[in-house]
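Read through the structure below, which is laid out as structure tokens, and then see the notes.
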């Protein structure tokens, strides 16, 4: 009979020894870690369902009620929105909210003036449909205009823009019943004010928009707008006096037969990126992506000044949000996501393009907010699963390493289910467009390739490539052009020059305006004018 004080080895125990302080500490830490991860999932799913699904049907009614029942100032310094004084208007406007044609909305003069800036570079097969979605918004057509922003007149996007200008001009639609006419302009401009090519591309259009608009909506070329998006974003801004920006959650337009590489990218925006975006915005933390940003001008001017103040940051969206957040303003999230809808040629490796994009974003975050980037990997599925599985097995169940397989398998299975639910809350056709096996394959690939992206981003951390230009990003986010392989380089010798072609092809009355080329914004001698006849022929040629 063995002695009573015989020591039983830890390896022979069948249950964790909770009398061991090390086991207690690890158990508590793992419990906290798991609870935090679960909270991230639950908060994101609940907020996404509430924000993007349950309240969509109320958007038009809420916007109309705001303008009918209260005085609203957009704080732009040159426009005041007044409510209706007659109760009869309330009834008529209530009926009009059921119409999708913004021309039928009553009292459209009460809506803030909005200018949409579309920075463009190049074209693809879906560019026209994406741009045209901004001409078919439910927002009153007389209260918004579209400014196309290009770098050169021979850009592939130029004929697409001119075709849409001609299609939605008053002159072209005057004989067509119920057709919409949208004021639009084409700006061909590259002002070498700083390293950010997107900011440089929009400066002339921005400066003109600030003179005639209450709100400015900067929206990337790859975004498809749902009809109610602008109405919702305006509603979110004007109903919150402290709101300075309304931005959209980046996601992808619902479609089938998507390339696998693009499905991986869509998975990223619908899972890891979307989860953080929703949680941090709900908690009021600055987390803003600049793909779709509606800006209230007065807070912007007070906190930042002009758009050119952001030109030395590649991540201008982050610093825009930070400046406004530091000034005490709110950054509110639209109920409608910013739907990316690229149609890339078959010869482009979409998966490799996604990796390059993520490396660029990760390096920018590491240089701007290194503390956040240290914690961020611990919220990734595979990394957190390895940590939980290895610690739990090594400390709590060292006698059987098969338990690691069980824990890790359960971890990724639960995580995948949560991610599917989150994506379904954003896209109700999520399961219709792809099989569950293809969705899992894209999810699995995205989760593992993230580790490679993190490691690649650490190497050569301060070097960022965007298009055909390389940038050097210093700690804090300050950026300068390191090397260029194309025409969008920032040349110090010409940084004071403004090379702009401001085209007012279609004015409010549908006639053709004057075109001017300004080589130096401070000199009137460098301007010339094109005749309207020449411009008309060019416009019609491209519109055919």
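Would you point out which residue out of 257, 289, 207 is out of contact with any strand residue (DSSP E or B) (no Cβ under 7 Å at 6 or more places or on another chain) and either assigned to a loop (DSSP other than H, G, I, E, B) or buried (at least 24 other Cβ atoms within 10 Å of the Cβ) (or both)? Quick ask: steps written out before the conclusion?
Values: 289 fails: out of contact with any strand residue (DSSP E or B) (no Cβ under 7 Å at 6 or more places or on another chain); 207 fails: either assigned to a loop (DSSP other than H, G, I, E, B) or buried (at least 24 other Cβ atoms within 10 Å of the Cβ) (or both).
Answer to the selection: 257.
A quick yes/no check of all residues on (1) modelled with pLDDT under 60; (2) surrounded by fewer than 17 Cβ atoms within 10 Å (Cβ to Cβ); (3) farther than 29 Å from residue 392 by Cα:
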residue: 16; (1), (2), (3): no, no, no
residue: 21; (1), (2), (3): no, yes, no
residue: 28; (1), (2), (3): no, yes, no
residue: 32; (1), (2), (3): no, yes, no
residue: 37; (1), (2), (3): no, no, no
residue: 51; (1), (2), (3): no, no, yes
residue: 57; (1), (2), (3): yes, yes, yes
residue: 65; (1), (2), (3): yes, no, yes
residue: 68; (1), (2), (3): yes, no, yes
Exercise for the section: Scan region 316-326 and give yes if some residue there is closer than 17 Å to residue 467 by Cα and either out of contact with any helix residue (DSSP H, G or I) (no Cβ under 7 Å at 6 or more places or on another chain) or crowded, with 18+ Cβ neighbours inside 10 Å (or both), otherwise no. Expected result: yes
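Condition first: surrounded by 15 or more Cβ atoms within 10 Å (Cβ to Cβ), in contact (Cβ under 8 Å) with a residue 60 or more places away in the chain and closer than 27 Å to residue 315 by Cα. Can you find one or more residues in region 480-487 that meet it? Outline the logic, then answer.
Taking region 480-487 first, the residues surrounded by 15 or more Cβ atoms within 10 Å (Cβ to Cβ) are 481-482, 484.
Cutting the leftovers down to in contact (Cβ under 8 Å) with a residue 60 or more places away in the chain gives us 481.
Next, from what is left, pick out any that are closer than 27 Å to residue 315 by Cα: 481.
Yes, region 480-487 contains at least one residue that is surrounded by 15 or more Cβ atoms within 10 Å (Cβ to Cβ), in contact (Cβ under 8 Å) with a residue 60 or more places away in the chain and closer than 27 Å to residue 315 by Cα.
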Problem - Every residue from region 361-391 that is farther than 14 Å from residue 447 by Cα and surrounded by fewer than 19 Cβ atoms within 10 Å (Cβ to Cβ) - result: 361, 365, 369, 370, 371, 372, 373, 374, 375, 387, 390, 391
Practice task
List the number of the failed condition for residue 265; all other conditions in (1) under 17 Å from residue 427 (Cα atoms); (2) surrounded by fewer than 19 Cβ atoms within 10 Å (Cβ to Cβ) hold.
Solution key: (2)
Completion exercise
Here, helices (runs of 4 or more DSSP H) confined to region 92-192 with at least 2 residues that are out of contact with any strand residue (DSSP E or B) (no Cβ under 7 Å at 6 or more places or on another chain) and either closer than 23 Å to residue 340 by Cα or modelled with pLDDT of 90 or more (or both) are 127-132, 158-167
Exercise for the section: Could you pull out every one of the strands (runs of 3 or more DSSP E) wholly within region 396-502 that has 2 or more residues that are modelled with pLDDT of 80 or more? Expected result: 463-466, 469-473
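The values are calculated or read from the model by the stated rules, or taken from the named source; none is laboratory data. As the structure is a prediction and not an experimental result, all values here were calculated from the model. Because the Cβ atoms are built from the backbone with ideal geometry, glycine has one as well, and the counts that use them run over all protein chains shown.
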